[in-house]
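Structure first, commentary second.
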Amino acid sequence: MHHFRYVGNKLYCEGVSVESLVKKYGTPLYIYSQRTLTEHFQKLDTALAPLDHLICFAMKSNSNQAVLRTLANLGGGFDIVSEGELRRAIAAGADPGKCVFAGVGKTEEEIEFALKKGVYSFNAESEPELQRINRIAARMKKIAPVAVRVNPNVDAHTHAKITTGTYENKFGIAIEQIEAVYARASKLKNLRLRGFQMHIGSQLTSVQPFEQAVKKVIPLVERLKKKHGLEFFSIGGGLGIVYNPALESGTAEWWQSAKAKSILTPALYAKRLVPLLKPLGLRILMEPGRFISGNAGILVTRIEYVKRTGKKNFLIVDAAMNDLIRPAFYEAYHEIVPVSRKNGTLISSDVVGPICESGDFFAKDRPLPKVGEGDHLALLSAGAYGFVMSSNYNTRSMAAEVLVSGNKSAVVRERQPVEAAWAGETVAPWQK
């Protein structure tokens, strides 16, 4: 569930009208619901309560300081993939001892910084990485906690660009090689084999791939625990969310419907996985991102022009692919609703941005209410992989971000001044 809904004909985030936020802060505008972030974290936390567990939010999905502080205050850890993310998490109040460092290309500087800060574990993706971590730890006279990421060769049946658990992907080490890798790593004197990690992909809407992967690796985990004294098993993230229809799925009534019974929920996830994991006697780490932040955010945009051609009705808006790239990059669906609800006939429309690319679109041939210049649209489920993937393409300022809690709201990122887009640039000396 989430806390974006219509009150009368006006779209609200918790107790604040979206229209009032647009009047105050302009568009494009990201709006996040703190209550939704909190409830989604707590649903997972409750579902995993029978296990010794730690939820490490995948902050690549949304790294705004206010979002991170919300989750840190709930006791959450963080799944990080760069030194920058670790620094950002610490700045938001995170405990480095609850952070796991993932990613296939960790630099020497990043490893050294993470060791200094005392991260819970490095999730290593290759033997050269294990050797590098060992070498740096030896130089620093430290013991580095590590887990090796297994590639279980399980098809997650998700988008090709967010599948990570098959041999076609760059992530992890083949399951057939893992025991030999752990055996060799155990001889590296400055490594502590603390855990075992896997992650098969993102936006999974069925429990079956998770169950298949866990069942496949459990015998391996049991052997590695016995041989090397492992403390934790990270089962990764990847829980999907409802993108269509997102607004309907936010209602309590919808969650009681037959349609909702097929949706992957924390309760269903735990029902199938907890009985498999509990006998291991290990701490279970989980690294969700989208599930916590995805439906907790929207992107609001203003209609600049309505352009009708012989074949199309174009709604040209002030947001663009530089603000939310998922539709252009993944052909992803985002439900689009008017900030002020309209009645009447639906019109098949393309919602497009002002960037000079044919791929700059948010929807094609989407039945939408009749709207006009100056009206505002909300793109739902934009809290994950939204602002974090934005850019200054076409020298466009990046959007402002607002956090709402009950009847309160605050800017948690100011709109970027356009001059900041080239603030670090200069001309060459010979051009002066």
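Can you tell me how many residues in the stretch 201-226 are outside any helix (DSSP H, G or I) and either modelled with pLDDT of 90 or more or within 18 Å of Val274 (Cβ to Cβ) (or both)? Total satisfying the criteria: 3.
Quick check on the stretch 282-338: of everything there that is among the small types (Gly, Ala, Ser) and in a loop (DSSP other than H, G, I, E, B), which residue is nearest to the chain's Cα centre (by Cα)?
Taking the stretch 282-338 as the starting set, the residues that turn out to be among the small types (Gly, Ala, Ser) are 289, 293-294, 296-297, 310, 319-320, 328, 332.
If we keep only those that are in a loop (DSSP other than H, G, I, E, B) too, we end up with 289, 310, 319-320, 332.
Values: Gly289: 4, Gly310: 40, Ala319: 21, Ala320: 20, Ala332: 14 Å.
My answer is Gly289.
For the stretch 59-95, the set of residues classified as under 15 Å from Val412 (Cβ atoms) and without any contact (Cβ under 8 Å) to a residue 24 or more places away in the chain consists of Ala72, Asn73, listed by residue number. Residue count for the stretch 19-40 satisfying the condition of being among the aliphatic types (A, V, I, L, M) and within 20 Å of Ile241 (Cβ to Cβ): 2. All conditions in (1) at pLDDT 95 or above; (2) under 18 Å from Leu230 (Cα atoms); (3) out of contact with any helix residue (DSSP H, G or I) (no Cβ under 7 Å at 6 or more places or on another chain) hold for Val119, with the sole exception of (3). For the stretch 23-34, state whether one or more residues are buried (at least 17 other Cβ atoms within 10 Å of the Cβ), part of a helix (DSSP H, G or I) and either touching a Gly at 6+ places or on another chain (Cβ under 7 Å) or modelled with pLDDT of 95 or more (or both). Looking through the stretch 23-34, at least one residue is buried (at least 17 other Cβ atoms within 10 Å of the Cβ), part of a helix (DSSP H, G or I) and either touching a Gly at 6+ places or on another chain (Cβ under 7 Å) or modelled with pLDDT of 95 or more (or both). Number of residues in the stretch 389-414 that are touching a strand residue (DSSP E or B) at 6+ places or on another chain (Cβ under 9 Å), surrounded by fewer than 17 Cβ atoms within 10 Å (Cβ to Cβ) and assigned to a loop (DSSP other than H, G, I, E, B): the value is 3.
A single member of Leu86, Leu37 is closer than 25 Å to Leu380 by Cα and either part of a helix (DSSP H, G or I) or not assigned by TED's automatic domain parsing to the domain that holds Glu401 (or both), and it is Leu37. The set of residues from the stretch 91-141 being within 21 Å of the chain's Cα centre (by Cα), buried (at least 17 other Cβ atoms within 10 Å of the Cβ) and not in a loop (DSSP other than H, G, I, E, B) comprises Pro96, Lys98, Cys99, Val100, Phe101, Ser121, Phe122, Asn123, Ala124.
The values are calculated or read from the model by the stated rules, or taken from the named source; none is laboratory data. Treat the numbers as computed from the prediction; the structure is a model and nothing was measured. Don't worry about glycine lacking a Cβ; one is built from the backbone with ideal geometry, like all the others, and counts go over all protein chains shown.
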